[in-house]
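I have placed the structure first, in the form of structure tokens, so that the comments after it can refer back to it.
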Amino acid sequence: MHIKQVVVEGFKTYREQTAVDFQPHLNCIVGANGSGKSNLFHAIRFVLSDIFSSLRADERQKLLHEGAGHAVMSAYAEIVFDNSDNRLPVDREEVRLRRNIGLKKDEYYLDKKHITKAEVINLLESAGFSRTNPYYCVKQGEIMKMATMQDEERLDLLKEIGGTSVYEDKRRESLKIMEDTKSRRDQIQETVDFIESRLAELDEEKDELQMYTELDRTRRSLEYTVHEKDLSETRAKLDECEERRRQHVDKARDEDERAHRLRDEVKAMERECKDKERALATTKEELLSADIELRRAVEKKTACDLDAQEFAEKIASGEEALAGVRGEQTRLDRAVAETRAKISAARPKAEAEAAREESAAAEMGEVSRRLQVLHQRQGRGSQFKTKAERDAWLEEQAADCEATLARKRDEIGILDGDVRDLKKSAEKEARDERAIKGKLLEEEATLGDSEEEYKAKIAARNAAQDERKELQRRDAEVDAELNSKTEEVKRRDKQLEFTMPRELFRGLSAVQRIVKDHGIKGVHGPLIELMECDERFFAAVEAAAANQLFHVVVDDDAVASKIIEYLNKDKAGRVTFLPLNRLRARNREYPDSQDVFPMLSKIRHDEKVRPALDKVFGNVLICRNLDVAVKFAGSTNLDCVTMDGDCVSNRGAISGGYQDSGRSRMVNMRVLREAQQVRAELRKESAEVKDKLQAAEQAVTAVLGDIQRAESARRHRQTAIERLRAEAKECAYAAQRAEESLGVKEKTVAAIRVTVGDLEAQAADLRQEMKTDLNAKLTKAELAELARLNPRLDELKEARVAASAARLAAEAELGELQATLSSNLERRQLQIEATTSEVDIVGVQAEQARAEANAAAAAAFVAARASI
């Protein structure tokens, strides 16, 4: 075996890693001063020798490289041995032994594996590197020292090198041991002598002791008898005291429970008082608003009553006026009918007289014209000198007649067109009047229907408003109850917080927050929230589980790890988790006895979390009393707990005592769970009430919109009715004016036609005269005609005068009847119609019905508020 390689780094002058290879047999290292020859030798001794075994911090600092640059904090020296001869007991041909050193560490490594210093020493001892012979490393100057030392020193050195000094040391140690052994033997002999003398004394004492033992046995028998008697009496007294104590304890417990009940009742009454105060405040607010609504309702009712009374007075006065008008209207209708009949009878007579007068006038005009022609023909010879002059004048007169005749014919054409237009206009106005009256009837019928619909809408509005008010009242009540339950939940949650360590409560609160903020699935919650049992087992469950009731159940350990990361990050308390994937429900054999039963059998839970409950309560028995608990805890290797919460561990520990039921976690959790359930129900009811209230608000808004639309439609129909009535009157007046104009036009046309006939005859006579001579005489026929026409003219004049007088009388009578009809009777009819239209009984009755409906609704609201 030989050193194959030395590797140094950070050791004295060697800052960087330096490796020096060695060959078998002799190796020589040369170099300048300070090149590190001695430090390399020190590195070998640092690994193999124990001269550097106990180093202080400053000595370790000296072994580390000191120089420019960063400070070296650690160093090592490693020796690689050629172990081909297996001198080292390591099954490798090459063995690496390294020693690391730092300011606070000093470690050895064998083939890069950490070993202790003792293991290194044993390894080197097995290879011949003995601590008793340290001359396998010869330091500088040792040869010179050996050469110059004295013979005795050299002999000691040779003994030390040869290993004989070890045996000298062992010899000196053996002599010392022999001396110590002799001394101890002398001491033992003295002790034996003392014991033999003492045995003689003890034999005598033994006899005395035997006698004493017999007497003592007799004494103890007597004392036992006495003590047994005293013990029996004492036990009887103790049982009696225990019974009294139990009675007092039971009484104290009853009193304590009674006190707790009274405190709970006081708290409940205080909460009830607070609820009543809140309800009273709410009621006062409702009462204030109700008073305001009541005053408004009373004002509305008073206004509606006054409106209804005013409408009733209007209806009464209108009906009275209509009652007075109806009789007059009947008489007036009869007079109008009679007058119109008289006019109908008088008009033909007047027309006949007028026709007779016109006939007489026409005939008289014709006779006058013929006489004038005959007389003019008689005097035409003296008027003109020549026939041509006469014919020219006659031509001119004939042309004038023809021109006038053309103008009159044009006027007749124009007047005939006007007559036709007037007839069409009269017919159109009559048709329009009939159509407008039909529309008027339809609008009046529609108005009546809209009144019924308006009443229905008013009733629907009142019902919707009543429903809305009832929902508003219920919404206020539910909100008050919800606020009360929310405060109770907070109070119970605070009480539950007081029953657990603060860090645990912070952790549970943080778990709820983390699960909610990060949406973590698979968290079932604390164990106390996942189980239920009868109230009589509350004390036993709390005593058996203690803080385990607040262990959080999760699906798997991944969920728990994730939550714990957030807890550590936020420094938010500590929580114990129960991952269901790591828990298994075990099958246990419970004792078959009437005095015990498994606690897990009395707990109601979801089957999914049964492994967690089995982990906490699976090893727990509920026992009838403490004696039974002690008995079964020792025999079944199960923890036992009584109904009062006294615990007996399977290791023998007993715990128990008084428990304040007011700080019971199970009771607080049960009350908290009930309050949360009631709060959830109230929240659900509140949401439903608010939805219904919103629907009611929408219904009220819709009904009010319908009422506004109905009122707008009603006003529109009333306006349309008034407009149609006015249009009907205008059409009637227009038709009457067209009839009157038509009569005038027809008379004018008739007069113009007579004039046209005269002009045609005159033009024909002038044309006929132009054919005769200038001095021609009248023929016999013409003379006879002239003689006949003069008396005829007088007769016609008389007949015309008589016809004119008869016509004037008939027209006077007809005009008088028409004047009476138009100026008196029809005008009075119009006045009565105006009065009837002004007195809108139907409209006023509808307004009265609306006012009465509003007054009734206001009265019902006032009555309801008064009853409340």
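The values are calculated or read from the model by the stated rules, or taken from the named source; none is laboratory data. In this text, all values refer to a predicted model and were calculated from it rather than measured experimentally. Counting neighbours? That spans all protein chains shown, and the Cβs are built from the backbone with ideal geometry, glycine included. To get the accessible areas, we keep the full protein, side chains included, count just its heavy atoms, and leave off ligands, DNA and RNA. Shrake-Rupley method; radii C 1.70, N 1.55, O 1.52, S 1.80 Å.
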Inset, instruction - Being surrounded by fewer than 19 Cβ atoms within 10 Å (Cβ to Cβ) and either under 18 Å from residue 666 (Cβ atoms) or aliphatic (A, V, I, L, M) (or both) is the filter here, so list the residues in the stretch 629-646 that pass it. - result: 630, 643, 644
Inset, instruction - Looking only at the stretch 645-654, decide whether some residue is touching a residue at least 40 places away in the same chain (Cβ under 8 Å), in contact with an Asp or Glu (Cβ under 7 Å, 6 or more places away or on another chain), under 21 Å from residue 250 (Cα atoms) and assigned to a helix (DSSP H, G or I). - result: no
Inset, instruction - Six or more apart or on different chains, Cβ under 7 Å: which pairs go from a residue in the stretch 729-748 that's touching a residue at least 24 places away in the same chain (Cβ under 8 Å) and more than 20 Å from residue 437 (Cα to Cα) to one that's part of a helix (DSSP H, G or I) and open to solvent by 30 Å² or more (accessible area, probe 1.4 Å)? Could you list them? - result: 741/422; 742/422; 742/423; 745/418; 745/422
Inset, instruction - Filter the stretch 609-644 down to residues that are β-branched (Val, Ile, Thr) and in contact (Cβ under 8 Å) with a residue 40 or more places away in the chain and give me whichever is farthest from residue 588 (Cα to Cα). - result: 642
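Conditions (1) within 21 Å of the chain's Cα centre (by Cα); (2) of a type in the set (Phe, Trp, Tyr); (3) at negative phi, marked per residue:
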site: 473; (1), (2), (3): no, no, yes
site: 479; (1), (2), (3): yes, no, yes
site: 483; (1), (2), (3): yes, no, yes
site: 492; (1), (2), (3): no, no, yes
site: 501; (1), (2), (3): no, no, yes
site: 505; (1), (2), (3): no, yes, yes
site: 508; (1), (2), (3): no, no, yes
site: 511; (1), (2), (3): no, no, yes
site: 542; (1), (2), (3): no, no, yes
Inset, instruction - Filter the stretch 487-537 for residues that are in contact with a Lys or Arg (Cβ under 6 Å, 6 or more places away or on another chain) and open to solvent by 30 Å² or more (accessible area, probe 1.4 Å) and give the result. - result: 503, 532
Inset, instruction - With respect to residue 504, determine if the residue is at pLDDT 85 or above, within 28 Å of residue 647 (Cβ to Cβ) and of a type in the set (A, V, I, L, M). - result: no
Legend entry - Scan of the stretch 600-622 for residues that are over 21 Å from residue 579 (Cβ atoms) and either touching an Asp or Glu at 6+ places or on another chain (Cβ under 6 Å) or basic (Lys, Arg) (or both), ordered by number: 602, 604, 620
Inset, instruction - Check whether at least one residue in the stretch 435-442 is more than 30 Å from residue 742 (Cβ to Cβ) and surrounded by fewer than 18 Cβ atoms within 10 Å (Cβ to Cβ), and report yes or no. - result: yes
Legend entry - Subset of the stretch 534-585 (residues that are hydrophobic (A, V, I, L, M, F, W, C), over 22 Å from residue 639 (Cβ atoms) and in contact with a strand residue (DSSP E or B) (Cβ under 9 Å, 6 or more places away or on another chain)): 552, 554, 558, 559, 560, 563, 564, 575, 577, 580
Inset, instruction - Could you list all residues from the stretch 267-301 that are of a type in the set (Val, Ile, Thr) and exposed (fewer than 12 other Cβ atoms within 10 Å of the Cβ)? - result: 292
Legend entry - Residue ID - farthest from residue 637 (Cα to Cα), chosen from residues in the stretch 599-623 that are of a type outside the set (D, E, K, R) and open to solvent by 30 Å² or more (accessible area, probe 1.4 Å): 605
Inset, instruction - Scan the stretch 405-413 and give yes if some residue there is open to solvent by less than 60 Å² (accessible area, probe 1.4 Å) and free of Cβ contacts under 8 Å to residues at least 12 places away in the same chain, otherwise no. - result: yes
Inset, instruction - Please identify the pairs in which a residue from the stretch 37-49 that is in contact (Cβ under 8 Å) with a residue 40 or more places away in the chain has its Cβ atom under 6 Å from the Cβ atom of a residue that is open to solvent by 30 Å² or more (accessible area, probe 1.4 Å) and of a type in the set (Val, Ile, Thr), counting only partners at least 6 apart or on another chain. - result: none
Inset, instruction - Would you check if residue 681 is open to solvent by 90 Å² or more (accessible area, probe 1.4 Å) and under 20 Å from residue 448 (Cα atoms)? - result: no
Inset, instruction - Scan the stretch 667-674 and give yes if some residue there is open to solvent by 60 Å² or more (accessible area, probe 1.4 Å), in a helix (DSSP H, G or I), modelled with pLDDT of 85 or more and not hydroxyl-bearing (Ser, Thr, Tyr), otherwise no. - result: no
Inset, instruction - Inspect the stretch 722-729 for any residue being part of a helix (DSSP H, G or I) and in contact with a Phe, Trp or Tyr (Cβ under 9 Å, 6 or more places away or on another chain) and give the result as yes or no. - result: no
Inset, instruction - Name, by its number, the condition in (1) closer than 20 Å to residue 284 by Cα; (2) in contact with a Leu (Cβ under 7 Å, 6 or more places away or on another chain) that does not hold for residue 476. - result: (2)
Inset, instruction - Report yes if residue 707 is surrounded by 15 or more Cβ atoms within 10 Å (Cβ to Cβ), within 30 Å of residue 402 (Cβ to Cβ) and touching a residue at least 12 places away in the same chain (Cβ under 8 Å), otherwise no. - result: no
Inset, instruction - For residue 738, state whether it is more than 20 Å from residue 355 (Cβ to Cβ), at pLDDT 70 or above and out of contact with any strand residue (DSSP E or B) (no Cβ under 6 Å at 6 or more places or on another chain). - result: yes
Inset, instruction - Output the residue which, of all residues in the stretch 23-76 that are closer than 22 Å to residue 116 by Cα and small (Gly, Ala, Ser), is surrounded by the most Cβ atoms within 10 Å (Cβ to Cβ). - result: 43
